[in-house]
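Contents: one structure, followed by commentary.
The values are calculated or read from the model by the stated rules, or taken from the named source; none is laboratory data. Treat the numbers as computed from the prediction; the structure is a model and nothing was measured. Cβ placement follows ideal geometry from the backbone for every residue including glycine, while neighbour counts extend to all protein chains displayed. SASA here: full protein model, heavy atoms, side chains in, ligands and nucleic acids out. Shrake-Rupley method; radii C 1.70, N 1.55, O 1.52, S 1.80 Å.
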Amino acid sequence: DVMMKDNVAYNTKGHCYILEDGSEQNNTLLNNLAVLQSPVDVRISENESDHLPSSFWLLNPQNTFVGNVAAGSSHSGFWLEVQAWVRGKSQELHPDMQPNTLALKEFRDNISHSNGFKGLHTYPQTGYRPTETAVFSNHKSYRNGGDGVFFHAGGNLKIDGGYFADNK
């Protein structure tokens, strides 16, 4: 139940705006800007992915993401890394939660551009397969070094509107 609104993050190391364990729900990220995310110099553990930083690293889809801009990350703009389990200290509090099956609350009017790898993507191999159709509305993804949008092993996902150009 956190509102993160109208923030600017510039030239950061590792993931920038994050929902860490996958149990976080009912949060709103609104009109935030993230520019130039680079890898951390030292990883805390092998379980961390801050060496592949994303501007928005999101582990639970039960949140609202509207009007955010991800620009110039060395890896990804928006990375929905929804697992089949909750990780970290929250795991014991939510042993039955499966984030990769939960509905996406709202993902609308976000922009990803000039990122080194992907603009918007889901990963890992288990895939994001929500029980209700997850709609990504009016997303703009351009000039990313890899795919503008990449849904890995996903299902029941829909892109509704948007612009995609100059991605590799």
Among (1) under 24 Å from Gly14 (Cβ atoms); (2) in contact with a strand residue (DSSP E or B) (Cβ under 8 Å, 6 or more places away or on another chain), Lys105 falls short only on (1)
Any pair with Cβ under 7 angstrom, 6 or more apart, that starts in the range 45-74 at a residue that is at positive phi and ends at one that is buried (at least 24 other Cβ atoms within 10 Å of the Cβ) | Gly67/Asn110; Gly72/Asn115
State the number of residues belonging to the range 26-46 that are open to solvent by 60 Å² or more (accessible area, probe 1.4 Å), out of contact with any strand residue (DSSP E or B) (no Cβ under 9 Å at 6 or more places or on another chain) and not charged (D, E, K, R).
-> 2
Out of all the residues in the range 35-60, which are assigned to a strand (DSSP E or B) and more than 12 Å from the chain's Cα centre (by Cα)?
-> Val35, Leu36, Gln37, Ser38
Name the single residue, out of those in the range 128-168 being within 26 Å of Met97 (Cβ to Cβ) and of a type in the set (Lys, Arg), that is least open to solvent (accessible area, probe 1.4 Å).
-> Lys158
Cross-chain or 6+ apart pairs with Cβ under 7 Å, the range 1-25 first and at negative phi and among the aliphatic types (A, V, I, L, M), then modelled with pLDDT under 95 and part of a strand (DSSP E or B) = none
By residue number, the members of the range 154-168 that are more than 16 Å from the chain's Cα centre (by Cα) and either of a type outside the set (A, V, I, L, M, F, W, C) or under 20 Å from Gly127 (Cα atoms) (or both) are Gly155, Asn156, Asp160, Gly161, Gly162, Tyr163, Asp166, Asn167, Lys168
Every residue from the range 7-34 that is part of a loop (DSSP other than H, G, I, E, B) and under 20 Å from Lys105 (Cα atoms) = Glu20, Asp21, Gly22, Ser23, Glu24, Gln25, Asn26, Asn27, Asn31, Asn32
Please indicate, with yes or no, whether at least one residue in the range 2-23 is modelled with pLDDT under 95, surrounded by fewer than 24 Cβ atoms within 10 Å (Cβ to Cβ) and touching a Lys or Arg at 6+ places or on another chain (Cβ under 6 Å).
-> yes
What residue, of Ala153, Ala165, is out of contact with any helix residue (DSSP H, G or I) (no Cβ under 8 Å at 6 or more places or on another chain) and over 26 Å from Pro39 (Cβ atoms)?
-> Ala165
